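Here's the structure, in structure tokens; my notes come after.
The values are calculated or read from the model by the stated rules, or taken from the named source; none is laboratory data. Since the structure is predicted, the reported quantities are computational estimates derived from the model, not experimental observations. Don't worry about glycine lacking a Cβ; one is built from the backbone with ideal geometry, like all the others, and counts go over all protein chains shown.
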Amino acid sequence: MKKFFVVKNEQHSLLPEQERILLDKFKRFEFINIPANGLTAEQIKELYNKHIDDTIIFLSPIPLFLKYRYENVNCETYLFHNDKREKKELPNGRVIMTVAKTGWKLY
């Protein structure tokens, strides 16, 4: 049976309208929650291989741009990725993870 997955940051949630649209189109779906501190390139590849035959819905505007790019077979697309994360403490004492300034790769 075909599976449908919404890929989203673990800190995000669907809006009621988004959920209704998904249920109208797919009837059922599951989430792939991406950790707030991100994934390494290897983890992304493993996730891709695990879900190669599934339908994937991205909860982000950027993949729509990529979808249009890949429909045009005459263009090249490259992506920056950085496996490194750094802890940063905010003035209120909260600790967040941010992408490092170094360690970038072009895929």
Condition set aliphatic (A, V, I, L, M) and assigned to a loop (DSSP other than H, G, I, E, B), scope the range 90-101, selection modelled with the lowest pLDDT: answer is ALA100
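One line per residue, one yes/no per condition, for (1) exposed (fewer than 10 other Cβ atoms within 10 Å of the Cβ); (2) in contact with a Pro (Cβ under 7 Å, 6 or more places away or on another chain); (3) not aliphatic (A, V, I, L, M):
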site: ASP54; (1), (2), (3): no, no, yes
site: LEU66; (1), (2), (3): no, no, no
site: ASN72; (1), (2), (3): yes, no, yes
site: GLU76; (1), (2), (3): yes, no, yes
site: ASP83; (1), (2), (3): no, no, yes
site: LYS87; (1), (2), (3): yes, no, yes
site: ALA100; (1), (2), (3): no, no, no
Counting only residues that are of a type in the set (Ser, Thr, Tyr) and modelled with pLDDT of 80 or more, which one in the range 38-85 is nearest to LEU22 (Cα to Cα)?
-> THR55
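The rows are residues; the columns are (1) in a helix (DSSP H, G or I); (2) not aliphatic (A, V, I, L, M).
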residue	(1), (2)
LEU22	yes, no
ILE32	no, no
TYR48	yes, yes
TYR78	no, yes
LYS88	no, yes
Under 8 Å by Cβ, and 6 or more places apart or on different chains, what pairs join a residue from the range 56-78 that is of a type in the set (D, E, K, R) with one that is surrounded by 10 or more Cβ atoms within 10 Å (Cβ to Cβ)?
-> ARG69/THR77
Within the range 1-20, considering residues that are in a loop (DSSP other than H, G, I, E, B) and of a type outside the set (Asp, Glu), the one surrounded by the fewest Cβ atoms within 10 Å (Cβ to Cβ) = MET1
Subset of the range 27-38 that is of a type outside the set (Gly, Ala, Ser) and either in contact (Cβ under 8 Å) with a residue 40 or more places away in the chain or touching a Lys or Arg at 6+ places or on another chain (Cβ under 9 Å) (or both) - its residue that is surrounded by the most Cβ atoms within 10 Å (Cβ to Cβ) = ILE34
